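These notes are about the structure you will find just below.
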Amino acid sequence: MDLGAFDTIAKLLGGAATRRAGITAAVSAAFGLGGRAGEAAGPGTAQRPKPEGPCGDRTRKDNACTKDSQCCTGFCKKGIRNKDGKGRCRCAPKKHSCTDKTVCCKRFSCIDGICQKAASCDVCANGCTYATVEEAWSATPDGGTIAIGAGTYPTAIAVDKSMTVTACDGVAAADVVLSYKPESGLLGVFDDPDVANHTLNLIGVTIDSTGSDSYGGVYGRSHLTVNADSCGFQNGGIGVYIYTAMPDPATVTNCTFSNFRFGGLELRGAGATVTDCTFTSSLPGSNGVDVSGPTATITDCTISLGGGGRAVHTSCSGTAVVSRITAAGGGFWLVSPDGQVRDCAITGAPNNRGAGLLVGDGTYTIERTTISGCTATLFGGGICARADSGPISLTLLDGVVVTGNTAPEGSGIATYTTGPAITITGATTSKVYGNNTGDQCESTTDGSTWVPQPSCWP
């Protein structure tokens, strides 16, 4: 019997048998050999699912839904195939809104009202394996990844293993918020308990430290390395604070730090690379980025502070590179054997000394940088070089402009040494002018007697 004849017989018998149900069942029904059309003839033969049941498990082609329903979204449903004669599935594609899992195409699940790959989200309000970040953390092995869907998740985790925490595919960082839990007793959303070296990678999530007056974001006591990409850190005391030596250098890229009381980013021990970040805080005394260790590289950042804090502070045993930084309301404080400042603009920074730029023992070059409108209450409105235990060499290369700054002493440049030599050299294309005292450059050895230095500039 060919398949066409088989279908004709099946239709005459009430449509209970189809070619998907199998020839054996049709013949049995037609000749009264027992059983009903549509039943399995023996072990290993798939049963037809109910009209609203699951399908498509590949035990039979499309799992043979009944005549008036078809397998399209992984469930037998009525009227979900187009009437264009091509039998195409009418289902919700990726990123389409959904109400339940029977709406999405087979490859996707309905997670937080959006059709997406089930494996792309571990944590979400509905449809995921876990409802909280803590649950996912406990169940994920060392070195694993936790993907989080849109929502706000009160979180308190003692970092006892290395982990990557990321937003689900297609979910914006602003929509994935991990908030501080004051009742947890931890010092941050992520708190290193100081037990072993671990690495925490944060990708595309927001850490909200509201409720924390001191820390609140990520707090590392001594054994935690933090890497962050495309994240937001907001509110509380400090966005990311690594108290002592990180095991490895940190990398922070394309992140925003906002409304922090003490500092946006403080990384101590192994050094760091900070790139394409934005720091904003209107709170007085707050700092931007503070890095210590062998090397520090801080580039392409915008820093706006409420006043009194430092936009950039580095303390390095090697090279500190600060380039293409726009800083308002806070200056730089660099201590390094090799400090480099290039293509920066520092404006409106207040402090007691070296409001625009303060350098300690070491060798520094400044190039194509403007320092203006800064105010020091003691000395060094624009730049202050203070030698405490070693000499300072400060070279002002092409394009340095120090102007419009204010200080009682050395409104342009002030040098302060108790013994070690301070040498300042400069290019003729750099300028120190228009600061609020007649003596643009002054020096002192005791902090009280200031001597004009007309030759400090070429």
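Bear in mind that the values in this text are calculations on the coordinates, not laboratory data. Predicted model only: the values in this text are computed from it and were never measured. Backbone-built Cβ (ideal geometry, glycine too); neighbour counts: all protein chains shown.
Using the Cα atoms of region 255-365 to build a convex hull, what is its mean projected area in square nanometres?
5.6 nm²
Once amide H atoms are placed 1.01 Å from N in the peptide plane, what residues at a sequence separation of 5 or more from Ala228, or on another chain, have their amide H within under 5 Å of its amide H?
It is Leu202, Thr251, Val252, Thr253, by chain and number.
In terms of the ratio Rg/(2.2 N^0.38 Å) built on C-alpha atoms, what value belongs to region 173-217?
Expressed relative to 2.2 N^0.38 Å, the Cα Rg reads 1.21.
Share of Cα-Cα pairs in region 131-249 beyond 19 Å, in percent?
Taking all Cα-Cα pairs of region 131-249, the fraction more than 19 Å apart is 39 percent.
Got the relative contact order for region 131-249 handy, in percent, Cα pairs under 8 Å and 6 or more residues apart?
After rounding, I find 22 percent.
In angstroms, what radius of gyration and Dmax does region 290-344 have, counting Cα atoms only?
Taking only Cα atoms of region 290-344, I get Rg and Dmax of 10.6, 30 Å.
Along the three principal axes, how long is region 271-458 when you take its alpha carbons, biggest first, rounded to the nearest angstrom?
40, 31, 31
Give me the mean projected area, in nm² to one decimal, of the convex hull enclosing the Cα positions of region 173-307.
The orientation-averaged projected area of the Cα hull of region 173-307 comes to 7.0 nm².
Regarding region 214-256, what are the three Cα extents along the principal axes, ordered largest first, in Å?
On the principal axes, region 214-256 reaches 24, 24, 8 Å in Cα extent.
Quick check: convex hull of the Cα atoms in region 122-183, volume per residue, rounded to a whole Å³?
About 81 Å³ per residue, rounded to a whole number.
If one puts a single equal scatterer on every Cα of region 350-458 and applies the Debye formula without solvent, what log₁₀ I(q)/I(0) results at q = 0.14 Å⁻¹?
Scattering profile of region 350-458, log10 relative to I(0): -0.44.
Considering only region 271-458, what is the antiparallel percent among its DSSP beta bridges, to the nearest 5?
Beta bridges within region 271-458, antiparallel portion: roughly 5 percent.
In a shell of Cβ-Cβ distance under 14 Å around Tyr241, excluding Tyr241 itself, what net charge do Lys and Arg (+1) and Asp and Glu (-1) give?
-3
Magnitude of the Cβ-charge dipole of region 339-407, K/R +1 and D/E -1, about the Cα centre, nearest 20 debye?
140 debye
Can you give the charge dipole size of region 271-458 about its Cα centre, rounded to the nearest 20 debye, using +1 on the beta carbon of Lys and Arg and -1 on the beta carbon of Asp and Glu?
It comes to approximately 200 debye.
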